[in-house]
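In what follows, a structure is listed as structure tokens, so that the remarks can point back to it.
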Amino acid sequence: MSDYSQSSLAAPGRREIQWNPQLTPTHTNQVAGKSLAQNVASQSLSVLRNMKLHNLRNSAAKRFGCLQCGKSFRCFSQLEIHQRSHTGEKPFRCTLCGKRYAQKGHLYTHQRTHTGEKPYRCPICGKGFIQKCTLDMHQRTHTGEKPFVCCLFCGKIFNYLSSLKVHIRRHSGEKPFSCSVCGKRFAQKTYLKLHQRVHSGEKPYSCPDCGKSFSQKSSLNIHLRTHTGEKPYSCVDCGKCYAYKYGLNHHQLIHNYVIKCHGSDELSAADI
């Protein structure tokens, strides 16, 4: 039999099998692969098209740019609110305590500290909160969630992305907040506020004992030690205590001098 025929090998009573070259595994894989490639290419084009539309919409939508830092916004009202972060303007004032805010929403949130309103409640324990972000943080005590973020420069870990962004400025040297009086720049808005008191002469922290005023709360706390006699800084070598850190640092120089010049067992710092 010169010609090969699968039908000639079929057993009596069995269904004859006809060979179809289009149903071979190789051909089937090629067809499936071609179909998959076409689907991937189609999806990729769709993603690229959507990205282009997204970028065009954003570039068209964010037409209002800040002249100080370059950040863009969709509408002028958003730009106005943002510019207050540079100017320090706070047009919204609490009628009960006089505290001022840059945004009306922040004032409403603050007023809840006076009214006692706590609209955000934990569904697990029922505890109430003034702000939703505070509720979100509280719920992690039940879920055990720890959304830590890590600095790629030094490996330091932070609980919140906002804290990481502020920290990164130490590495990048970025100082987006500038003083409108002298032009000095700062990495954090709080540092700018403290600096501006140098120009305004504002000293909001007063000593309850003598009435002396200070521009920073930390300076007031240090001053209070002159009245309370508190000495939180102690020498690890001799136990002597000091009210100020610079006093301890100066004292420890004596220990270093004694050890270097006379040896640790021959003379004590109290003898100097």
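The values are calculated or read from the model by the stated rules, or taken from the named source; none is laboratory data. Just so it is clear, the model here is predicted, and its values are computed rather than measured. Ideal geometry is used to build each Cβ from the backbone, glycine not excepted, and the neighbour counts take in all protein chains shown.
Cβ-Cβ contacts under 7 Å between residues 6 or more apart (or on different chains), taken from a first residue in the range 131-151 that is modelled with pLDDT of 80 or more to a second residue that is of a type in the set (Ser, Thr, Tyr), are listed as 131/109; 131/120; 132/120; 135/120. Residues in the range 241-256 that are surrounded by fewer than 16 Cβ atoms within 10 Å (Cβ to Cβ) and either small (Gly, Ala, Ser) or assigned to a loop (DSSP other than H, G, I, E, B) (or both): 244, 247.
Screening the range 177-203 for residues that are polar (S, T, N, Q) and part of a helix (DSSP H, G or I) and picking the one that is nearest to residue 102 (Cα to Cα) gives 190. Going through (1) within 27 Å of residue 190 (Cα to Cα); (2) loosely packed, with under 12 Cβ neighbours inside 10 Å; (3) modelled with pLDDT under 90 one by one, residue 216 falls short only on (2). The residues in the range 130-152 that are closer than 24 Å to residue 190 by Cα and in a loop (DSSP other than H, G, I, E, B) can be counted, and the count is 4.
Against the list (1) of a type outside the set (S, T, N, Q); (2) touching a strand residue (DSSP E or B) at 6+ places or on another chain (Cβ under 7 Å); (3) assigned by TED's automatic domain parsing to the domain that holds residue 245, the condition residue 185 fails is (3). Within the range 219-236, the residues that satisfy the criterion of being surrounded by 14 or more Cβ atoms within 10 Å (Cβ to Cβ) and in contact with a helix residue (DSSP H, G or I) (Cβ under 8 Å, 6 or more places away or on another chain) are 231, 233, 235.
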